[in-house]
Amino acid sequence: MHILVDKPMSRREVARPGVSELGAREISLTIPVAADMEIVATAQASALGEFIQMPRDKIDEVKLAIVEACINAFEHAHSRDDRVHLTFRVGREESGPEFLEVEVLDQGEGFEHLSVEIPSPEKTFEEGKKRGWGLQIIRSLMDSVAITSGDWGTRILMRKYK
Amino acid sequence: MSEACKIAVERRGDVAIFWTDGYINNQGGEEIARQAYSQLDSGARALVMNLEKTRIVNSIGISILIEVLEKVMDRKGALAFCNLTPTIDKTFRIMGLAQYAAIYPTQEEALRAVAPAG
């Protein structure tokens, strides 16, 4: 199993799957590995973001992060069940702001995320490496990101504060 | 649920203005590229892309827009984007598109910027 916390979880550790945090509300959704299903997943994030009155631009950032996480799963995971499982949580930290948290889980073959080449505009434009931006975009848009991967699959857990 | 990106194009002299409506993914990006290449082949010197009605461009869509940009640069033309949401603007900057293509708040500013000097 590989664990990488890309950005430190501020104030508290992020909620584990299935564990409510200070009254966190949780919704689960399973989507098939199929074209445009990532957009179905973003609709759920919109609804929950609006529920906690998260600004629209922040909701858009969460939606794009979900899109990128789902596309990564669709393209690279080779999931055994041909599905991607998402869990959405909204909650509030003990003395902090409300958050929207999304877990994207696939039952694929996992990957060595520490060895994933970090993209750059120079590589994109000068070396023609235009793909491989998904994780970088997710890290840039979300406040905290944790990736866990192994031969059981990959879990991306990401949180955005209101 | 259809999220196909709709694209409208209008030619004004040697400038082609694109309006997108909806999610720009690989299909949306490829359709934009197809129409952009068609405009370039028919003599367009500059492309202005108004993304006012698009709220998500994924990384595949952006990679295709970068290919369009490279083709425009090869032909010594100009490509300008306008009316980007803050998230799209941020993503364009993350991926470096903003280093090579101009981004303007409004279509009028983009059109003024790509107009021939003099």
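Read-outs: derived from the displayed coordinates by stated rules, not from any lab. A quick note: this is a predicted structure, and the numbers were derived from the prediction, not measured. When we count neighbours, we look across all protein chains shown, and the Cβ atoms used for this are built from the backbone with ideal geometry, even at glycine.
Things to note:
- Hydrodynamic analysis of the range B:6-114 uses the Kirkwood radius over alpha carbon pairs. Inserted into Stokes-Einstein at 20 °C and 1.002 mPa s, it gives a translational diffusion coefficient of 160 µm²/s.
- Stokes-Einstein diffusion coefficient of chain A, Kirkwood radius over Cα pairs, 10 °C, 1.306 mPa s, in µm²/s: 99 µm²/s
- Rounded if a/c under 1.5, otherwise prolate or oblate - the protein assembly as shown, Cα gyration tensor axes: prolate
- Shielding by other protein chains, A:60-70, mean Cβ within 10 Å: 4
- Amide H contacts for A:R83 (H built 1.01 Å from N in the peptide plane; partners 5 or more residues away or on another chain; cut-off under 5 Å): A:V33, A:Q107.
- Of the complete DSSP H runs in chain A, those spanning 15 angstrom or more by Cα along the long axis with a mean Kyte-Doolittle score not below -0.5 are A:37-51, A:56-72.
- Amide H within-cut-off set for B:F81, under 5 Å, with H built and near neighbours excluded: B:M49, B:A102, B:I103, B:Y104
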